[in-house]
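What follows is a single structure, written as structure tokens, with notes after it.
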Amino acid sequence: MGFDLQYLSAALKAGRQYSYLPFSLHIFDSVASTNQTLWNLLNQGAKPGCVVIATQQTSGRGQWGRQWISAAGGLYVSVAINPKIAATDSYQLTLASAWGIASQLRNCGVNVGIKWPNDLVLNDRKLGGILTETKVNQEKITQAVIGVGINWANPVPETGINLESWQVSQPTKPISCLEMLTSKVLLGIESGIECLFEEGVNILLTHYLDLLTNMGDRIQINDLAGTIVGVTPQGNLRVNVEAYNTKQVISPEIYIEPGTISLGYQKSSV
């Protein structure tokens, strides 16, 4: 695929604020799944900071066992980390990665937001997604793989968008090449994880909610109407539900686990 490893390495070195992950880069034209390829490398002795990069997946995985369509021309990357956090807090790794990547892209001029729980959005359409997988021992996460798919120049469905087509309509081209995009994704994951572990989940959540496109949205849950007011440290959606009784309107808060409902996308002709 002509991926310029030297350019990527230089971009990573130039952009690094942290050194939490000692990046070890493994680049492939095509793999079944970058997450699975990385797990295989970890089983062979690879260390945290190991990275698998591909521009095509033949058996990509999405959240909750869904297939992730991973056509040639996209960016598919997985990073190994050693988080040592409670298994119940595993979703914090996804929240951290989503915020970190969105922040890196926004700093370049790509106005990316986050759609709960794990999508990166641009112009209200899906730009990418994150899949975190973990291994657990005694209720602690011992290993984690964070997988990210970003639409670069690959075909996308009506509800999706790729960066190259978006950049055509911009006065400048914020992301000049695939290697630059890759560096922003890796630096974003690192900065998000650094924020989580050094500043704590409450600070991270504040940053995440700043970029959450669903804040204030009204949604329907069964027969109830509610308003999205935030996200819990475990990644659950916080919704104020309007419950009526004879004397007054009360607004109890409920929590919705990732995967329980889909907030969906509007189809667009843009």
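The values are calculated or read from the model by the stated rules, or taken from the named source; none is laboratory data. Predicted, not measured: the structure shown is a model, and the values here were computed from it. Note that we place each Cβ from the backbone using ideal geometry, even for glycine, and neighbour counts take in every protein chain shown. Keep in mind that these areas ignore ligands, DNA and RNA; they rest on the heavy atoms of the full protein, side chains included. Shrake-Rupley method; radii C 1.70, N 1.55, O 1.52, S 1.80 Å.
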Within the stretch 133-183, the residues that are over 20 Å from Leu42 (Cα atoms) and aliphatic (A, V, I, L, M) are Ile150, Ala153, Val156, Ile161, Leu163, Val168, Ile175, Leu178, Met180, Leu181
Flagged pairs (Cβ under 6 angstrom, 6 or more apart or on separate chains; first in the stretch 209-231, in contact (Cβ under 8 Å) with a residue 12 or more places away in the chain and open to solvent by 30 Å² or more (accessible area, probe 1.4 Å); second outside any loop (DSSP other than H, G, I, E, B) and among the polar types (S, T, N, Q)) are Thr227/Asn240; Val229/Asn240
Taking the conditions exactly as written (buried (at least 21 other Cβ atoms within 10 Å of the Cβ), closer than 22 Å to Gly230 by Cβ and not polar (S, T, N, Q)), does Ala102 satisfy them or not?
yes
The lone condition Ser183 fails out of (1) in a strand (DSSP E or B); (2) among the small types (Gly, Ala, Ser); (3) modelled with pLDDT of 95 or more is (1)
Here the residues within the stretch 166-191 that are basic (Lys, Arg) and more than 13 Å from the chain's Cα centre (by Cα) are Lys173
Residue hits (the stretch 232-270; within 16 Å of Pro117 (Cα to Cα), modelled with pLDDT under 75 and open to solvent by less than 50 Å² (accessible area, probe 1.4 Å)) are Gly264
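Answer with yes or no whether Glu194 is buried (at least 22 other Cβ atoms within 10 Å of the Cβ), touching a Phe, Trp or Tyr at 6+ places or on another chain (Cβ under 7 Å), part of a helix (DSSP H, G or I) and of a type in the set (Asp, Glu).
Spelling it out, it is not the case that Glu194 is buried (at least 22 other Cβ atoms within 10 Å of the Cβ), touching a Phe, Trp or Tyr at 6+ places or on another chain (Cβ under 7 Å), part of a helix (DSSP H, G or I) and of a type in the set (Asp, Glu).
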Scanning the stretch 141-168 residue by residue, those assigned to a strand (DSSP E or B) and surrounded by fewer than 16 Cβ atoms within 10 Å (Cβ to Cβ) turn out to be Thr142
Just one listed residue, out of Asn123, Asn137, is in contact (Cβ under 8 Å) with a residue 40 or more places away in the chain and either in contact with a helix residue (DSSP H, G or I) (Cβ under 8 Å, 6 or more places away or on another chain) or open to solvent by 20 Å² or more (accessible area, probe 1.4 Å) (or both), and it is Asn123
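Would you say Ile130 is open to solvent by less than 30 Å² (accessible area, probe 1.4 Å), assigned to a strand (DSSP E or B), in contact (Cβ under 8 Å) with a residue 40 or more places away in the chain and under 28 Å from Pro48 (Cα atoms)?
no
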Within the stretch 22-31, residues being of a type outside the set (D, E, K, R) and surrounded by fewer than 16 Cβ atoms within 10 Å (Cβ to Cβ) number 3
Checked the stretch 1-21 for anything exposed (fewer than 10 other Cβ atoms within 10 Å of the Cβ) and within 19 Å of Lys47 (Cβ to Cβ); matches are none
(1) surrounded by 15 or more Cβ atoms within 10 Å (Cβ to Cβ); (2) not in a loop (DSSP other than H, G, I, E, B) all hold for Ala71 apart from (2)
- Do the conditions hold for Val77, that is, is it crowded, with 16+ Cβ neighbours inside 10 Å and at pLDDT 95 or above? yes
